Structure formats: C-alpha cells, structure tokens
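Trainee: Can you read through this structure? Questions will come right after.
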Amino acid sequence: MVILDLRKVASFCDYFVISSATSLRHTNAIAKGIEEELANLKIKSLARPSPNDDSGWVVLDFVSVVAHVFYKPIREFYSLESLWSDAKKIRVTSKGLK
C-alpha cells in the first residue's frame, strides 16, 4: 500500500491511497471492505463501484481521500505512483494498520 500526499500538487483531493490485490475477486473484496469499514464511521464514497467490477481498478472517492484498489498487473500498467511522482509518499507500517 502507498499513500500519496497530493496537497501540494493537486486541488481535487488531499491523498491517494493505492493498494494491490492478487485477483479481480480480491480487488472487489478489498474495495467492499473499505466501504463497509468507513460506512461504520458514517463516511460514504461518492463513487458507487459495481460489486462485480472486472476492470481490475476500483476507485472510492471520499472527497479529500481517493482510494484506488488495483489488481496487481493493472496497477503496474497504470503506475499511478509514477504519474504522480511529484507527490510525497507517506510510509505505512503494520503498526498503523488494524
């Protein structure tokens, strides 16, 4: 997982959270898990992805944070980290995750 701080390079959101999955089913499961956990906190995505999305790229828009969940080969193809190389990368450790 990578978090990009976009505050100095973009005006449409503050952060990108970019994660990888091992299959299309895994991609959708991760996206659903993010949606459910944040819905418990009364935070809802502006984007409503299809539950059976087979694109390999699910985007969840939480206004200041946009989460991208990729099937690994699709993530490597689009390489958002390279496209947004001016953004600062924020290190995520296992201590910061539940």
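Values quoted throughout were computed directly from the atomic coordinates according to the rules given, and no laboratory measurement underlies them. If you're wondering where the values come from, they're calculated on a predicted model, not measured in any experiment. Cβ atoms come from the backbone with ideal geometry, glycine included; neighbour counts cover every protein chain shown.
Trainee: Quote the FRET efficiency, to the nearest 0.05, computed for K88 versus S50 with a Förster distance R0 of 25 Å and r equal to the Cβ-Cβ distance.
Mentor: Once rounded, the FRET efficiency stands at 0.20.
Trainee: Further question: Mind checking which of V59, C13, V92 is farthest towards the positive end of the chain's charge dipole, using Cβ charges of +1 (Lys, Arg) and -1 (Asp, Glu) about the Cα centre?
Mentor: V92
Trainee: Further question on the same structure: What is the set of long-range amide H partners of F62 at a cut-off below 5 Å, with H atoms built 1.01 Å from backbone N?
Mentor: Here the answer is L46, A67, since their amide H atoms fall under 5 Å of that of F62.
Trainee: Same structure again: Of (1) 102; (2) 122; (3) 85, which is the value of volume of the Cα convex hull per residue in Å³ derived from the coordinates here?
Mentor: Answer by label: (1).
Trainee: Show me, for segment 53-63, the HN-Hα J-couplings you get by feeding each phi into the Karplus relation (A = 6.51, B = -1.76, C = 1.60, θ = phi - 60°), rounded to Hz, glycine and proline as x.
Mentor: Calculated HN-Hα couplings, in order: 4, 10, 7, x, 8, 10, 10, 10, 9, 10, 6 Hz.
Trainee: Between the DSSP loop rule and a limit of at most 13 other Cβ atoms within 10 Å, which chymotrypsin sites (Phe, Trp or Tyr not before Pro) in segment 9-98 are left?
Mentor: Within segment 9-98, the qualifying chymotrypsin sites (Phe, Trp or Tyr not before Pro) (loop, at most 13 other Cβ atoms within 10 Å) are F12.
Trainee: Under the definition of Cα pairs under 8 Å and six or more residues apart, what whole-number percent is the relative contact order of segment 2-84?
Mentor: It rounds to 34 percent for segment 2-84.
Trainee: Okay, next question. Hand me the tally of lysine pairs in the chain: alpha carbons under 23 angstrom apart, and the pair either on different chains or 8 or more positions apart.
Mentor: 13
Trainee: Can you find, among F70, L41, S23, the residue sitting farthest towards the positive end of the charge dipole of the chain, where Lys and Arg contribute +1 and Asp and Glu -1 at Cβ?
Mentor: L41
Trainee: Treat every Asp and Glu Cβ in the chain as -1 and every Lys and Arg Cβ as +1, leave all other atoms uncharged, and give the resulting dipole magnitude about the Cα centre to the nearest 20 debye.
Mentor: Numbers: 14 positive and 11 negative charges, 68 e Å.
Taking the Cα centre of the chain as origin, the dipole is about 320 debye.
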